[in-house]
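What follows is a single structure, written as structure tokens, with notes after it.
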Amino acid sequence: MCDKTDQHLLEDAEMLQGIRDYDAAQQAIADGENPIRVWREYRGMTQAHLAKVAEISVPYLSQLESGKRKGSTDAAPFLHDLTAPTPPSTLPPPASPNVESHAHLP
């Protein structure tokens, strides 16, 4: 069992890993990777989960992530919320696959 010092060290290590992951996501986008895919993966979401939450089809999301399609105005607000960079300390935990709404995203 961990004492308070061990618990604080564990929390600090998790926070640092979150910062590293966030920085890696930012760098991937700067290197030209698709922001939708980068932030979806950063948030631990599958294409199926994101498509369900965004109320779009998986093939359509795949086309958006690959750059084959630009996206409709219906999907744009939600996808903007997903791709808006948010520092790790303010991110909600990854959503469970049965989430019905995207209101929890920053």
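Read-outs: derived from the displayed coordinates by stated rules, not from any lab. As the structure is a prediction and not an experimental result, all values here were calculated from the model. Reconstructed Cβ throughout: ideal geometry from the backbone, glycine too, with neighbour counts over all protein chains shown.
Rounded to the nearest Hz, the phi-derived 3J(HN,Hα) couplings of region 9-16 under the Karplus curve 6.51 cos²θ - 1.76 cosθ + 1.60 (θ = phi - 60°) are 5, 5, 4, 5, 5, 5, 5, 4, where x marks glycine and proline.
Restriction of the GluC sites (Glu not before Pro) in region 7-64 to DSSP coil positions whose beta-carbon has at most 14 other beta-carbons within 10 angstrom yields E33, E55. Here's the list of lysines a cross-link from K52 could span, going by alpha-carbon distance under 23 Å and ignoring same-chain residues fewer than 8 apart: K68, K70.
Length gain on complete extension for the stretch V58 to K70, per 0.36 nm per residue less the alpha carbon to alpha carbon distance?
2.9 nm
Backbone phi angles across region 47-62, fed through the Karplus curve with coefficients 6.51, -1.76 and 1.60 (θ = phi - 60°), yield HN-Hα couplings of 4, 4, 5, 4, 4, 5, 5, 7, 6, 10, 7, 4, x, 5, 4, 4 Hz in residue order; Gly and Pro are listed as x.
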